[in-house]
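Before any comments, here is the structure.
The values are calculated or read from the model by the stated rules, or taken from the named source; none is laboratory data. Values in this document were obtained by computation on a predicted structure and should not be read as measured data. Note: ideal-geometry Cβ built from the backbone for every residue, glycine included; neighbour counts use all protein chains shown. SASA here: full protein model, heavy atoms, side chains in, ligands and nucleic acids out. Shrake-Rupley method; radii C 1.70, N 1.55, O 1.52, S 1.80 Å.
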Amino acid sequence: MSLPKLGNGTSKNGKSNGSTVPAAIASNGATVKTEQTEQVKATVKTAEKPVTPTEEEKTATEPVAGKKKPLYRRPWLWALLVVATGLGSGVAYGHKVWQDVEAQLPESVEGILSYKRAKTMTVEAGDGSVLQEIGPVAHEKLEMGKIPNLVVQSFIASEDRRFLDHKGVDYQGIARATFANLRSGRVVEGGSTITQQLSRIVYLDNDKELWRKVKEIRLAQKIEEVYDKERILERYLNLVYLGSGAYGVADAAWVYFGKSVDKLDVGEVATLAGIAPAPSIYSPLKDADAAKERRNIVLERMRDEGYISPGQAALAIAAPLKLNPQQPKRLDRKVPYFTDYVQEQIPKLVPADKVAEGGLTIETTIDLKWQQAAEDAVAKAVVRYGESQKFSQGSLTAIDPRTGEIKAMVGGDDYFNKEKNGQFNRVTQAKRQPGSTFKTLVYSTAIAAGFSPYKSLRDAPLVVDGYEPKNYSKGYRGDVSMRDALTYSVNIPAVKTLIDVGWNPIVKLAKDMGIESELKSTYSLALGASEVTLLELTSAYGTLANKGLHPEAHGIARILDREGKVIYEAKEKPKQAIDEDSAAIMTWMLKSVVDSGTGTAAQLNRPVAGKTGTSDDYRDLWFVGYIPQLVAGVWLGNDDNTSTKGASSTAAAVWKDFMSRVIEEIPEEEFPDRPDLDGRKGTIAAEPLKPKQNYYKSIPADQNLAIQSQPRRSRSSSSSQTRQTRQTRQTRQTTRRATTTPTRAASPAPQRSSAPARSVSKPTSPSKPVVRRATTPSRPAPAPAPRPQRATAPAPAPRRSTPPPAAPAPVRPTTPQVSKPAPSAAPPSVNKPPKE
């Protein structure tokens with residue numbers, strides 16, 4: 001029955017019903033009865049009576065036999081269509097999402113094997129051992145075979161009980177964790193598997209987003225498709241963060257218990273496994289009670305899984321936490337001077353964004369055994385000689401001359417001593433005057449320009465444009481050969497050589513050989529007035545050791561990014577800085593410095609070439625030397641540039657202390673033979689200087705080493721003193737025999753002369769008595785020499801036909817030095833080397 005039409009043409013719902021029957025409403029809101037109203041009521045009553053349909057109407061409304069409703073009129077069909085459309089859309093959308101997820105994932109999951117966390121850096125020695133770690137790095141990484149079973153079982157029980165059964169995702173575990181969390185009203189169990197956690201560590205972050213969870217699931221499946229369970233567990237246990245700065249189980253064992261992972265008991269193992277779900281909450285150093293509660297849960301699970309017995313679980317649960325906190329090992333540093341140098345070099349070798357991204361592994365060239373020998377040598381030098389010789393610091397570096405690889409670097413005696421400015425690297429940062437060690441570069445230029453090592457050079461007071469260089473010995477020797485000038489470190493010939501060769505060729509060759517510091521074009525450049533670093537100077541000497549080829553000194557061999565890809569590798573080829581023949585001649589000359597000159601304190605049981613050096617007032621003491629396979633440099637002095645009371649022979653002794661240890665691993669090798677000098681031509685052009693003022697003065701009598709011996713500063717080398725003592729005894733015995741037994745033949749006592757050291761007077765015949773050494777210079781006679789040279793030492797007095805009176809012959813007040821036979825090719829002009 002339909003509702004009646006209202007009088008105003010509007011139904012109860014406010015819509016028009018087409019009625020034209022007005023409603024009579026009184027002013028007080030009551031309905032007024034009218035004739036029309038009564039008619040409506042009668043109509044309603046009539047409509048309420050049931051109407052009986054006719055036969056025709058019944059026939060029309062009954063369905064025809066054999067006919068069905070059209071499909072579009074069936075509700076269930078529309079419901080199915082709606083469901084199917086929804087499912088199809090869902091599937092399509094899910095497929096698109098899956099494709100988007102796959103596109104955002106790495107093509108390969110091999111990164112789990114080489115993964116390094118962002119904003120981290122690991123510096124390694126040449127043998128792969130760790131020197132320094134920066135950022136959240138796992139210091140100690142263990143192979144699966146070295147991880148105890150109890151540790152593996154504790155993490156499986158705590159984090160992923162069905163780890164061995166699932167394929168990366170544990171749907172049962174997710175359901176179980178969901179039910180447990182709902183029942184407890186808080187999160188007490190996670191649904192992520194160990195594989196999912198590993199994928200999150202390597203590729204994702206800890207954001208709690210749906211898409212991150214989807215990616216995590218897919219990555220876990222891909223990891224399980226490629227790697228077996230053991231490899232997955234190994235990587236997880238080495239990477240998992242366990243609080244308090246500990247990354248991996250090995251680091252955590254040290255940080256919390258001060259022991260290695262194989263020494264942990266069952267309670268300690270369970271403590272570590274219990275930290276993994278929430279390190280900031282369950283770290284025993286943060287909240288011991290929470291850590292203990294979590295430990296007990298892990299122990300119960302281990303018991304339930306059959307990993308430990310009920311008795312073991314009960315004892316471990318009853319035991320208190322016993323901690324022995326330690327600083328993470330990743331904060332320890334080895335060879336800090338070298339690692340600081342490496343940090344400075346990294347931005348020069350890789351892009352800034354790679355450095356900022358982190359995860360870098362820096363493979364260096366340092367040899368830890370040689371580094372230890374270098375540290376010991378410097379420390380001993382400061383302790384043994386520092387106080388008496390008034391120096392407080394020392395530095396040492398060693399380089400492979402054939403590759404340029406830095407093998408040792410000690411920038412001071414104590415890096416961590418702030419009072420001594422310990423972190424200042426005196427190998428790379430300190431620029432000091434190299435003194436006579438720079439003469440090697442001057443003479444190298446001259447030799448390369450075609451000068452002969454036997455070229456005669458005048459050693460006398462020199463004035464050149466107002467500059468008057470002095471010898472350290474305060475005396476002069478007259479004419480000397482270039483080789484002898486280097487052997488005995490005479491200053492005036494070095495300045496004269498610079499004038500003959502020119503500033504530009506010397507500076508250019510020095511740069512080509514490894515000197516990077518500014519070299520000023522002054523006459524004092526020949527004597528090492530321009531400041532350089534020890535690393536530069538050592539690298540330059542290495543060029544001579546490497547037959548004239550100069551490889552750039554470097555401490556970094558390779559740099560790997562966080563995925564293990566090589567982004568830098570040292571492959572620069574050495575450059576020919578000086579020709580091979582000139583390098584061989586210089587090595588031969590420098591070898592004489594160690595054999596019989598100022599560097600005898602550096603002698604080893606094999607060929608050595610090198611040069612000593614001191615700056616003004618003995619502020620800097622140097623020695624740089626090499627064998628064919630290794631070059632090393634030593635500096636001793638004070639940071640405030642005050643004078644020392646030492647000698648360069650002390651630096652040579654420190655060099656020997658270091659080299660004596662490292663050559664145990666280096667086979668002996670000879671230097672190249674000196675090339676033939678006849679007809680030799682230069683490979684570079686000299687640019688002689690033209691001073692406005694350039695002349696020699698006469699040698700004052702009190703400074704003429706030809707008539708007197710200058711006092712020398714005592715050597716630090718005990719071997720030198722021993723030789724001098726032995727030589728004194730031999731001289732006195734010879735003198736006594738010559739005086740008491742005149743008819744007997746004897747060799748003459750050593751004498752200072754410009755004659756060749758090998759040219760010794762023949763024994764006198766029995767009929768001629770031996771004449772004792774002249775005690776005054778009143779009768780000098782020039783000694784024969786293969787090359788014309790000005791006499792620089794007193795010659796022996798002429799032999800007498802009759803023996804002197806029976807009184808014993810007077811002995812010189814100074815200790816005579818027996819000359820050491822020099823190589824036949826270059827006779828020294830003096831027998832006693834000067835003190836630098």
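Observations on the structure shown:
- Against the numbered list (1) in contact with a helix residue (DSSP H, G or I) (Cβ under 7 Å, 6 or more places away or on another chain); (2) open to solvent by 50 Å² or more (accessible area, probe 1.4 Å); (3) under 17 Å from residue 138 (Cβ atoms), residue 300 comes up short only at (3).
- Among the residues examined, residue 96 does not qualify as over 22 Å from residue 564 (Cα atoms), modelled with pLDDT of 90 or more and open to solvent by 60 Å² or more (accessible area, probe 1.4 Å).
- Residue in segment 669-678 that is without any contact (Cβ under 8 Å) to a residue 12 or more places away in the chain and either surrounded by 14 or more Cβ atoms within 10 Å (Cβ to Cβ) or under 30 Å from residue 452 (Cβ atoms) (or both) present: yes
- The sole residue among 445, 428, 437 that is under 22 Å from residue 507 (Cβ atoms), open to solvent by 20 Å² or more (accessible area, probe 1.4 Å) and either of a type in the set (S, T, N, Q) or free of Cβ contacts under 8 Å to residues at least 40 places away in the same chain (or both) is 428.
- Condition check for residue 275: crowded, with 17+ Cβ neighbours inside 10 Å, under 38 Å from the mean Cα position of the chain (by Cα) and under 19 Å from residue 156 (Cβ atoms): yes
- The set of residues in segment 308-325 that are part of a loop (DSSP other than H, G, I, E, B) and under 15 Å from residue 268 (Cα atoms) comprises 308, 319, 320, 321, 322, 323, 324, 325.
- Looking only at segment 612-656, and only at residues there that are charged (D, E, K, R) and touching a Lys or Arg at 6+ places or on another chain (Cβ under 7 Å), the one that is most open to solvent (accessible area, probe 1.4 Å): 645
- The single residue among 381, 398, 408, 374 that is small (Gly, Ala, Ser), closer than 20 Å to residue 535 by Cα and under 13 Å from the mean Cα position of the chain (by Cα) turns out to be 408.
- First in segment 528-540 and among the β-branched types (Val, Ile, Thr), second anywhere and crowded, with 24+ Cβ neighbours inside 10 Å and assigned to a helix (DSSP H, G or I), Cβ under 8 Å, 6 or more apart: 532/438
- Failed item in (1) over 33 Å from the mean Cα position of the chain (by Cα); (2) outside any helix (DSSP H, G or I), with residue 174 passing the rest: (2)
- Note on segment 679-717: residues that are assigned to a loop (DSSP other than H, G, I, E, B), open to solvent by 60 Å² or more (accessible area, probe 1.4 Å), out of contact with any strand residue (DSSP E or B) (no Cβ under 7 Å at 6 or more places or on another chain) and modelled with pLDDT of 85 or more total 10.
- Residue 352 being out of contact with any Cys (no Cβ under 8 Å at 6 or more places or on another chain), of a type in the set (Gly, Ala, Ser) and open to solvent by 40 Å² or more (accessible area, probe 1.4 Å): yes
This table checks each residue for (1) crowded, with 20+ Cβ neighbours inside 10 Å; (2) out of contact with any Pro (no Cβ under 8 Å at 6 or more places or on another chain); (3) among the polar types (S, T, N, Q).
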| position | (1), (2), (3) |
| --- | --- |
| 130 | no, yes, no |
| 134 | no, yes, no |
| 138 | yes, yes, no |
| 141 | no, yes, no |
| 149 | no, yes, yes |
| 163 | yes, yes, no |
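- Residue list for segment 350-378, restricted to those being touching a strand residue (DSSP E or B) at 6+ places or on another chain (Cβ under 8 Å), among the β-branched types (Val, Ile, Thr) and either part of a helix (DSSP H, G or I) or within 30 Å of residue 653 (Cα to Cα) (or both): 364, 365, 366, 378
- Residues that are among the hydrophobic types (A, V, I, L, M, F, W, C) and closer than 15 Å to residue 375 by Cβ, drawn from segment 637-668: 654, 655, 658, 659, 662
- Set 163, 179: member being closer than 21 Å to residue 277 by Cβ and either at pLDDT 85 or above or part of a strand (DSSP E or B) (or both): 163
- Residue match in segment 383-403 (condition: over 27 Å from residue 616 (Cβ atoms), surrounded by fewer than 24 Cβ atoms within 10 Å (Cβ to Cβ) and touching a helix residue (DSSP H, G or I) at 6+ places or on another chain (Cβ under 7 Å)): no
- When residue 334 is tested against the conditions (1) out of contact with any helix residue (DSSP H, G or I) (no Cβ under 7 Å at 6 or more places or on another chain); (2) open to solvent by 40 Å² or more (accessible area, probe 1.4 Å); (3) part of a helix (DSSP H, G or I); (4) within 30 Å of residue 419 (Cβ to Cβ), the lone failure is (3).
- Only one entry in 547, 565, 571, 511 is open to solvent by 10 Å² or more (accessible area, probe 1.4 Å), in contact with a Pro (Cβ under 8 Å, 6 or more places away or on another chain) and not small (Gly, Ala, Ser), namely 547.
- Qualifying residue in segment 736-743 (condition: of a type outside the set (Gly, Ala, Ser), open to solvent by 90 Å² or more (accessible area, probe 1.4 Å) and either modelled with pLDDT of 50 or more or within 28 Å of residue 472 (Cα to Cα) (or both)): no
- Scan of segment 499-519 for residues that are touching a His at 6+ places or on another chain (Cβ under 9 Å) and either modelled with pLDDT under 95 or among the small types (Gly, Ala, Ser) (or both), ordered by number: 514
- When 405, 375, 419 are screened for being at pLDDT below 95 and not β-branched (Val, Ile, Thr), only 419 passes.
- Test: residue in segment 144-151 that is touching a Gly at 6+ places or on another chain (Cβ under 7 Å) and part of a helix (DSSP H, G or I): no
- Selection from segment 355-373 of residues that are crowded, with 18+ Cβ neighbours inside 10 Å and on the phi < 0 side of the Ramachandran plot: 360, 361, 362, 363, 364, 365, 366, 367, 370, 371, 373
- Residues being charged (D, E, K, R) and in contact with a Ser or Thr (Cβ under 7 Å, 6 or more places away or on another chain) are represented in segment 570-592 by at least one member.
- Residue in segment 197-255 that is surrounded by the most Cβ atoms within 10 Å (Cβ to Cβ), counting only those that are in contact with a strand residue (DSSP E or B) (Cβ under 9 Å, 6 or more places away or on another chain) and β-branched (Val, Ile, Thr): 240
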